[in-house]
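What follows is a set of notes on a single structure, which appears directly below.
Where a number appears in this text, it was derived from the coordinates with a stated rule and is not lab data. Remember, predicted model here, so these are calculated numbers, not experimental data. Every residue, glycine among them, receives a Cβ derived from its backbone with ideal geometry; neighbour counts consider all protein chains shown.
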There are 2 protein chains.
Amino acid sequence: MEVIVPADEEEDARAGTSARVTTFTPASLRELIDPVRALGEVVVDRLQALGLERAHIGCELAAQMQPASYLSMNLHHGALRTLWQKELPCIVASGADALLATASARKTGDELGKLRLGCEIAGLAYRSSVNAIYPGATEQTVAGAILQEYRNALQGKPVRREEAYFFCMSGPNASHADAAYARTRHRTIESGDVVMVHCNSATDGMWSDITRTFVVGEESTAYKKVKAAVTSATHAALEVIRPGALGKEVDRAAREVMEQAGYGGNFTHATGHGVGFAAANPNGLPRIHPCSEDRLEEGMTFNIEPAAYFKNEWGYRRCDVVAVTADGAEVLTPF
Amino acid sequence: MEVIVPADEEEDARAGTSARVTTFTPASLRELIDPVRALGEVVVDRLQALGLERAHIGCELAAQMQPASYLSMNLHHGALRTLWQKELPCIVASGADALLATASARKTGDELGKLRLGCEIAGLAYRSSVNAIYPGATEQTVAGAILQEYRNALQGKPVRREEAYFFCMSGPNASHADAAYARTRHRTIESGDVVMVHCNSATDGMWSDITRTFVVGEESTAYKKVKAAVTSATHAALEVIRPGALGKEVDRAAREVMEQAGYGGNFTHATGHGVGFAAANPNGLPRIHPCSEDRLEEGMTFNIEPAAYFKNEWGYRRCDVVAVTADGAEVLTPF
């Protein structure tokens, strides 16, 4: 395999598994360079070197969820394709979206190892929750303290590149945690509050997706009942996971428990979705959704996140990362 | 103006300045929804409501730097356009990239206020550097501690939505801080180290771009000399900034100081680039680059970041955010 990367990323690219690394320089003091043109020239060179008379090149043409690689991302839209097609009209861009989505749903042993390590480090960070969450703390300080613990836990671990996001949603804010994105606010935590801590972290490109819920002080009867239902729903889902099972069967197992406990209407989202290359993609394969015909295969990784949301009051979610094994499921977040 | 947003973002959209907010629902338990189709249907509806017989719609078609709005971003590529063009072939997508880039280079008073506030909060966080940086601390703990201080400083400030990234690069790592992206590593800080702390933070969508450099212990003669040159280069650039000045004139003023001090070869990047809507876009308008003919206008915001990098040894950068006023420059980072 060959990758073409900006010169500043050469070191990381060489640490990867690509056989050949080609670089380009997107900036210079001597001229104002168009970064797409700088990349395009190298792409055209490499394509010409292949000596193709006619070819289809698989491209990502459809919409997709892309994890943020940095605080700012250089998006090409169609500019790169337009440029190369002008130079090499015999080469056609074909959508390879479905192919790539399917291929990336199953993880190699190396990828699984990175995800397992990432989950383990997140688990160490979650241990600090007991100290970080107290009456008078704010969601911001809780999320910050656990993130700092995550950074501490990273020390000495074999991780070249990491990113981590911890979110804290407390009291009524946790009841809205079924929204498309998690969000830490300034709310001050009070005694008796239910507090959700959500984590998306990446270790060398493999993203985790984890939630744990805590209570400040005594667990109420309602809290205990919901917690028991969610725990049972997770176990029910795990029982069904094995190669050949369908996404909707796993969803059904978890949802049935929640419905029987009286929380069917509070479990407002799917039981899970693929995790790994894409951080927090609700349409990642395999989809663990009531309508999903996605068939589980060994090496697939996804989350199991049964939950109950009581609008404007509180919410409870437990989100685990699991991998499909030869005959069942491995929980990568056993904490 | 009208915006079309996912239902989960309605509250934020209504807090903005758009006259009309239309929402769409990208997920459901009853079916597996294609989010582009969900959005596309609303877009087609709204376009049909305009009763146009023929139209050109300005779109972002070229490459661009996009700030990360969350840990994962839903990128449409061309999918949305393809969908609407099938339904409404009379409506043509035209590239509006240059128009939007030019319009967003000048900030309104409201936007400038948000950026000023963001810089002020970052300044409060930088105050904690003196406590966060000490021999034995790691780059990770330094960046984490200052980020936590930033979160504390945010409390009570009129900011609806914030994001903040602090990076720490120490010793030889600071000598590579001219790369396309900043990166906090695990290096342990030693006595005598030069330590660079870089910040990109967003307050309600307006991004700052700030760097300060510190030394652990005594300032060496070499350090004092570089610091003096960079400080003079900043002042020289500020002297030139006013409506009508060209980007290359501002760059020249700063670069001349660095060259005369003997650091011309160590100042490896442009003096600055537009900041505000795009976090860390080296091609943001106005470009403060040796070849830039971009003409400054009142309300434009950019950074001024003279620096000297001594490869594999150390580096010094001071990056300020400035706004063009009626007759000069306002420094938004006067700390």
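Inside segment A:161-200, residues that are within 14 Å of chain B (Cβ to nearest Cβ) and either within 30 Å of B:PHE24 (Cβ to Cβ) or of a type in the set (Phe, Trp, Tyr) (or both) make up a count of 24.
Matching residues to (1) touching a residue at least 40 places away in the same chain (Cβ under 8 Å); (2) closer than 17 Å to A:GLY276 by Cβ; (3) within 11 Å of another protein chain (Cβ to nearest Cβ); (4) not aliphatic (A, V, I, L, M):
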position: A:GLU111; (1), (2), (3), (4): yes, yes, no, yes
position: A:ILE121; (1), (2), (3), (4): yes, yes, no, no
position: A:SER128; (1), (2), (3), (4): no, no, no, yes
position: A:TYR134; (1), (2), (3), (4): yes, no, no, yes
position: A:GLY156; (1), (2), (3), (4): no, no, yes, yes
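Whenever a residue of segment B:1-23 is away from chain A (no Cβ under 14 Å), its partners that are part of a helix (DSSP H, G or I) and of a type in the set (Gly, Ala, Ser), lying with C-beta atoms within less than 7 angstrom and at least six residues away or across chains, give the pairs B:VAL3/B:ALA13; B:VAL21/B:ALA13. Close contacts from segment B:59-77, counting a first residue that is more than 7 Å from chain A (Cβ to nearest Cβ) and a second that is among the polar types (S, T, N, Q), with Cβ to Cβ under 8 Å and a gap of 6+ residues or different chains, come to B:CYS59/B:SER94.
For segment A:270-282, the condition of being closer than 24 Å to A:HIS176 by Cβ and among the aromatic types (Phe, Trp, Tyr) holds for none of the residues. Taking segment B:296-316 as the search range and keeping residues that are farther than 24 Å from B:VAL215 by Cα and either crowded, with 22+ Cβ neighbours inside 10 Å or in contact with a helix residue (DSSP H, G or I) (Cβ under 8 Å, 6 or more places away or on another chain) (or both), which one is farthest from the other protein chains (Cβ to nearest Cβ)? Among residues in segment B:296-316 that are farther than 24 Å from B:VAL215 by Cα and either crowded, with 22+ Cβ neighbours inside 10 Å or in contact with a helix residue (DSSP H, G or I) (Cβ under 8 Å, 6 or more places away or on another chain) (or both), the one farthest from the other protein chains (Cβ to nearest Cβ) is B:GLY299. Among the residues making up segment B:164-208, those that are part of a strand (DSSP E or B), crowded, with 23+ Cβ neighbours inside 10 Å and aliphatic (A, V, I, L, M) are B:MET169, B:VAL194, B:VAL195, B:MET196, B:VAL197, B:ALA202, B:MET206.
When every residue of segment A:88-96 is checked against the conditions, at least one turns out to be within 12 Å of chain B (Cβ to nearest Cβ) and not aliphatic (A, V, I, L, M).
Can you say whether A:THR301 is assigned to a strand (DSSP E or B) and touching a residue at least 60 places away in the same chain (Cβ under 8 Å), as far as the supplied structure shows?
Yes; evaluated as a whole, the condition is true for this residue.
Taking first residues from segment A:263-277 that are within 19 Å of A:THR102 (Cβ to Cβ) and partners that are surrounded by fewer than 19 Cβ atoms within 10 Å (Cβ to Cβ), the Cβ contacts under 6 Å between residues at least 6 apart in sequence or on separate chains come to A:PHE277/A:SER104.
Among the conditions (1) of a type outside the set (Lys, Arg); (2) closer than 25 Å to B:GLU293 by Cβ; (3) in contact (Cβ under 8 Å) with a residue 40 or more places away in the chain, the only one that B:MET206 does not satisfy is (2). Determine, yes or no, whether A:ASP45 is charged (D, E, K, R) and away from every other protein chain (no Cβ under 14 Å). Criteria met by A:ASP45.
Hey, any hits in segment B:247-259 for a residue that's under 29 Å from A:MET73 (Cα atoms), within 14 Å of chain A (Cβ to nearest Cβ) and touching a Lys or Arg at 6+ places or on another chain (Cβ under 6 Å)? Yes, that holds for at least one residue. Restricting the search to helices (runs of 4 or more DSSP H) fully inside segment A:35-138 and requiring at least 3 residues that are surrounded by 20 or more Cβ atoms within 10 Å (Cβ to Cβ) and in contact with a strand residue (DSSP E or B) (Cβ under 7 Å, 6 or more places away or on another chain) gives A:35-49, A:109-126.
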